[in-house]
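K.L.:
Here you go, one structure.
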Amino acid sequence: MPRVELLSPARNSEIGIAAIDCGADSVYIAAPKYGARLAAGNSFEDLNILCSYAHKFGAKVYLTLNTILYDNELQEARDYLWKAYETGLDAVIVQDFALLKMDRPPIPLFASTQTDIRTPEKAALLEKMGFSRLILARELSLKQIREIRRATSIELETFVHGALCVSCSGQCYLSQKLTGRSANRGECAQACRSNYDLVDENGNVIVKDSPILSLKDLNLSNRLEDLIDAGVTSFKIEGRLKNVSYVKNIVRKYDLALKDYPRTSWGRSRCTFTPDEEKTFNRGYTEFFLDGKRGDFKSKDAAKGMGEYIGTVTGVKGGGNSFVSFTYTSDKTIQNSDGLCFASKGKVTTGFRANSCSGNSVELFTKDAQIRKGDLIYRNFDAAFEKQLENTPPRMIEAGLDIHLSDGHIAISASTENKSKTFVFFLKGDRAQNPEMAESLIRKQLGKTARHFSFTVNSIEGDDIYFYKTSALNGIRAELAESLEKYLEEDRQRTKAKYIAEKKDFSHLKDLAKEAFKEGGSSYLRNCSNRLSKEVYTEMGLGDIKPAFEQDPPKDAILMRCKYCIRYQIGMCKKDSKDSRRLFLKNGNNTLALDFDCSRCEMLVRFDYLCGV
């Protein structure tokens, strides 16, 4: 069975370290620029700190350099590749093909989900282009993943938890069109999370003021075995803008779910809290299209996370000049400092903090809460749970010790979960007058922690048992930890050195490229925004490449292509309904026209310049 990887997001190095302590095998993180979450940048100095910590456990750190690039950014992006290599990062996640044409260091490149990997043909092409890993589109089914696995031989990575983009990744231009902030440039304004009116061609309102494009969050924690069987070896958690408690909770959830599988890193988390995905940010959960079936994918009454459902308001007092208090019914208990929000007739109030709790009565910090009897209560901040997450112990590598004693030296064979090495230390001792006591002292002093190792003495052998001073044994334990750490790092470096840089000419891939880009190689959908990426497409025989949408937006452009379908969501699927009215989304002065490609079972979103109605 191949080793599997749990891949965590990290907004910064501190969160990355916390993720590793909670069980992550790898972390993905951004540099100062060119990451698909512009607000999550980090200095290379901070990235070096994270790499140094991660590599102690054989964990890896991947750099996100997955925006499209303009010509005036190519040199700096190339410099980032070299800095990533020199800093010790283990791979770079990229979207722009320009990086394949550059003079680059021998560091693996992963094809970002932004490269829109939805077909076996596209996957096979990207492998031949030199990518070491493919990060699959979120909307794929197990059947489609298996087809991609059969067409490729490199690593496959898929998202298993977190926010879902309603549009195919890398193919969303809604934010750019409405706000001038490009998702492909790391500045997505999340226009899909806004409220819209759904109207028909006659102006009739079908759905009023709803986040109708906003999807629930992905949760495949119960489907990891299926994904492994389909050929996935890396399981990715979304959330590079999420806080440290979210990362700790969700990483630990999946670390436990993968506990019976061989992993790519060493050591294990010592966290004692019980993870609960309902207690951190989510919009409700879905397994999306994993089984190739449609379902209720839309987030509920609000695009924001409402939190854990608690119960129902049974009475309200106060307001105006006094604090608001309410009573509730639930099998769960609200505690002081919990964060709460309330839903009434599909509308969600602003959150409040519980000030004083007694039995089933809660006083809030506010005098202005608009709470009514019958409102649903949600807890979006669990004070007691957050307290448990604050002080997570550092990760440790367990090592069993088999000790052989002789006059003048101690030979210690240290065995971790996947490596074994014998170290010899010179140490004079006296033959023990009380062998049992001497052996007990050796077991006690060498069977402790040192650095990030937790030692256990399995056996002690030798012609004689020697007595050593406690201070001498402590010194041996410290030397052993230092030597073992150095050995594991050297072994990791030898493995990493096997990597060979990819080729930079793509003219031999014309037939594959023709199949991978059947809809036309000159489309703005190629996200070609610089001369080097244009060279790649030209070499692959894809003709006269159109500029990226951000540079020259076509008036009739498809702003989003979605597997999610509003017609299906509201019971107007053309397969089951004779209702063929045209549908539009309205938000302020903007109107979006919805088209439905029923042959592919997909929804298309365009900007309606005629205002639709």
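K.L.:
For MET129, MET437, MET560, which order do you get if you count the other beta carbons within 10 Å of each Cβ and list the fewest first? Numbers along the way, then the final one.
P.N.:
Numbers: MET129 22, MET437 11, MET560 25.
Going from sparsest to densest Cβ surroundings: MET437, MET129, MET560.
K.L.:
Using the Cα atoms of segment 3-81, I'd like the radius of gyration and the largest Cα-Cα distance, Dmax, both in angstrom.
P.N.:
12.9, 41
K.L.:
Right, here's the next one. Based only on Cα atoms, what mean projected area does the convex hull of segment 308-390 have, in nm²? Numbers along the way, then the final one.
P.N.:
Working: hull surface 20.7 nm².
So the Cα hull casts an average projection of 5.2 nm².
K.L.:
Right, something else. Taking all pairs of different Cα atoms in segment 397-496, averaging 1/r and flipping that mean, what Kirkwood radius in angstroms comes out?
P.N.:
13.7
K.L.:
In a shell of Cβ-Cβ distance under 12 Å around CYS271, excluding CYS271 itself, what net charge do Lys and Arg (+1) and Asp and Glu (-1) give?
P.N.:
Summing Lys and Arg as +1 and Asp and Glu as -1 gives +3.
K.L.:
If you take every residue apart from ASN336 with its C-beta less than 11 Å away from the C-beta of ASN336, what net charge results, scoring Lys and Arg +1 and Asp and Glu -1? Don't jump to the answer; show the numbers that get you there.
P.N.:
Details: positive: ARG353; negative: ASP338, GLU363.
Around ASN336, the surrounding residues sum to -1.
K.L.:
While we're looking at this one, here's another question. Treating only the Cβ of Lys, Arg, Asp and Glu as charged (+1, +1, -1, -1), what charge dipole size does the chain show about its Cα centre? Round to the nearest 20 debye.
P.N.:
Numbers: 90 positive and 82 negative charges, 290 e Å.
For the chain, the charge dipole is close to 1400 debye.
K.L.:
Let me ask something else. Only bridges whose two residues both fall in segment 397-496 count here: according to DSSP, what percent of them are antiparallel, nearest 5? Present the calculation step by step, with values, prior to reporting the outcome.
P.N.:
Numbers: 19 of 28 bridges.
Rounded to the nearest five, the antiparallel share is 70 percent.
K.L.:
Same structure again: What are the semi-axes of the equivalent ellipsoid for the chain, taken as the square roots of 5 times the Cα gyration tensor eigenvalues, largest first, in whole Å? Don't skip to the answer; put the middle values down first.
P.N.:
Values: eigenvalues 471, 255, 73 Å².
Equivalent-ellipsoid dimensions as semi-axes: 49, 36, 19 Å.
K.L.:
In whole Å, how far is the Cα centre of segment 140-194 from that of segment 577-598?
P.N.:
Each part reduced to its Cα centre gives a spacing of 22 Å.
K.L.:
Find the relative contact order for the chain and round it to a whole percent, using C-alpha pairs within less than 8 Å whose residues are 6+ positions apart.
P.N.:
On the way: 1358 pairs, mean separation 90.5, N = 613.
Over the chain, the number comes to 15 percent.
K.L.:
Determine the sum of side-chain charges near LYS317: Lys and Arg each +1, Asp and Glu each -1, restricted to other residues whose C-beta is under 15 angstrom from that of LYS317.
P.N.:
Values: positive: LYS367, ARG372, LYS373; negative: GLU363, ASP368, ASP375.
Overall, the nearby charge balance is 0.
K.L.:
A further question on this structure: Give the order of ARG353, ARG606 when sorted by the count of other beta carbons within 10 angstrom, beginning with the fewest. Provide the component values of the computation, followed by the final result.
P.N.:
On the way: ARG353 14, ARG606 19.
Ranked by crowding around the Cβ, least crowded first: ARG353, ARG606.
K.L.:
I've got another one for you. By counting other Cβ atoms within 10 Å of each Cβ, how are LEU142, LEU136 ranked from fewest to most?
P.N.:
Values: LEU142 18, LEU136 23.
Least crowded to most crowded, the residues run LEU142, LEU136.
K.L.:
Determine the percent antiparallel among the DSSP beta bridges restricted to the chain, to the nearest 5. Walk me through the numbers before you get to the answer.
P.N.:
On the way: 71 of 110 bridges.
The antiparallel proportion sits near 65 percent.
K.L.:
Among rounded, prolate and oblate, which fits segment 538-606 when a ≥ b ≥ c are the square roots of the eigenvalues of its C-alpha gyration tensor, a/c under 1.5 means rounded, and a/b larger than b/c means prolate? Write down the numbers at each step before the final one.
P.N.:
Values: a/c = 3.47, a/b = 1.68, b/c = 2.06.
Since a/c reaches 1.5 but b/c is at least a/b, the shape of segment 538-606 is classed as oblate.
Rule-based calculations on the coordinates, nothing more; no lab input. Bear in mind the structure is a predicted one, so any value in this text is a computation, not a measurement. Positions of Cβ are generated from backbone atoms using ideal geometry, with glycine treated the same way; all protein chains shown enter the neighbour counts.
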